[in-house]
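The structure under discussion appears below in the form of structure tokens.
The values are calculated or read from the model by the stated rules, or taken from the named source; none is laboratory data. Remember, it's a predicted structure, so these values are computed and weren't measured experimentally. For neighbour counting, all protein chains shown are included, and Cβ atoms are generated from backbone atoms with ideal geometry for every residue, glycine included. Quick note on the areas: whole protein, heavy atoms, side chains included, nothing else; ligands and nucleic acids left out. Shrake-Rupley method; radii C 1.70, N 1.55, O 1.52, S 1.80 Å.
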Amino acid sequence: MNDDAVSDRGVWFRVENGSSASAVRRAAERLGVQLDLGDARTADLAIVAAELTSNLVKHADHGVLLLRPVRRDGEAGVELVALDTGPGMADLTVSSQDGHSTAGTLGIGLGAIVRQASWFDGYSRPERGTVLAVQLWPGRAVERERPWVGALSRPLAGESVSGDGYAWRIVDGRRQVLVCDGLGHGPLAAAATDAALDAFRKAPAGPPSVVVQHLHRSMSHTRGAALAVAEPDPSAGVLRYSGLGNISAAVVGADGKRRGLVSLPGIAGHQRPSVREYDYPFEAGALLVMHSDGVVDRWQLANYPGLVDRSPLVVAGTVLRDAGTRRDDACVLVVRGWS
């Protein structure tokens, strides 16, 4: 990798003018080459990056974009997530059709994005802004399975890395997710979170409380972290949850109403924390939303009509945009119950 390589953490861009939009497009092209997408798909990626950033420059307030690699089944692709607080759209489906315009333009931007994408989702409301998520893989095939989990992490203003992180895994039939907040900020906080993510991926199969104990033992060489592990099992109608420190989590029903989950005081990797596991009702179609304390815990999905039906990544992006603070690292993970 050279100095221009994009890590799996991705890169956040603030898109305010043409020069920042050009920087995103160039970075996207470099990432396409880095991941061996091929000339044709890298060209498609450049089109998507150009259209997303053009929309942010023309229409958005405080527009930001995340560019990152995504991986599955030994294959690598590129994901772009654009967040803004601009005028929004009443009907994203109509707005993504060629010829539709709200600014006197040709109206081909969103249509071009949808055509090039392997997977696309978004959410927009008038006067509330827009969240768009796009993936491009070497082939153009649309995602065969509806995504069950999506997450975003963003460093606080002025830092190049985030001390917050997330991971998910499927082991012995258990689907488990982790959200972690390394103590403090910067590289040492990121190192603590990286240790937790590595230990989580390697942890033996077991319920969340067993995994949290494993993480605690594996992080003694770090400054420590707040973290939580959840195991959604909608087929059994239950969510198993074990948390330490200031990780917030809630189960959200189809009506958007939320039920908070319990995390105990403690620091993984330090002290001798009390680890307990709690069970909560979790039906197919419900959402689990987990986040670090860089997200203000006053969000209500009931205030966003239709959002609970969008992909977990778009839900996470909306919560991060509206409840995340620039004074701290921030991370949001969302799981959708499957039938």
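Observations on the model:
- Environment charge at Gly294 (Cβ cut-off 11 Å; Lys +1, Arg +1, Asp -1, Glu -1): -3
- The residues of the stretch 131-206 expose, per residue, 44 Å² of accessible area to a 1.4 Å probe.
- Working note: 222 nm ellipticity from helices only, DSSP H runs with n ≥ 4, each -39,500 (n - 2.57), summed and divided by the residues of the chain, gives -8500 deg cm²/dmol to the nearest 500.
- Across the protein chains, with a 1.4 Å probe defining accessible surface, the residues Val296, Val252 rank Val296, Val252 from largest area downward.
- Residue-count net charge about Gly18 - beta-carbon cut-off 13 Å; Lys, Arg +1, Asp, Glu -1: +2
- Rounded, prolate or oblate (a/c below 1.5 giving rounded, otherwise prolate when a/b exceeds b/c) for the stretch 149-336 by Cα gyration tensor: oblate
- Surface share of carbon and sulfur [accessible, 1.4 angstrom probe, percent] for the chain: 49
- Positive contributions from Lys and Arg (+1) and negative ones from Asp and Glu (-1), summed over other residues with Cβ under 9 Å from the Cβ of His185, come out at -3.
- Taken about its Cα centre, the chain carries a charge dipole of roughly 500 debye when the Cβ of each Lys and Arg holds +1 and the Cβ of each Asp and Glu holds -1.
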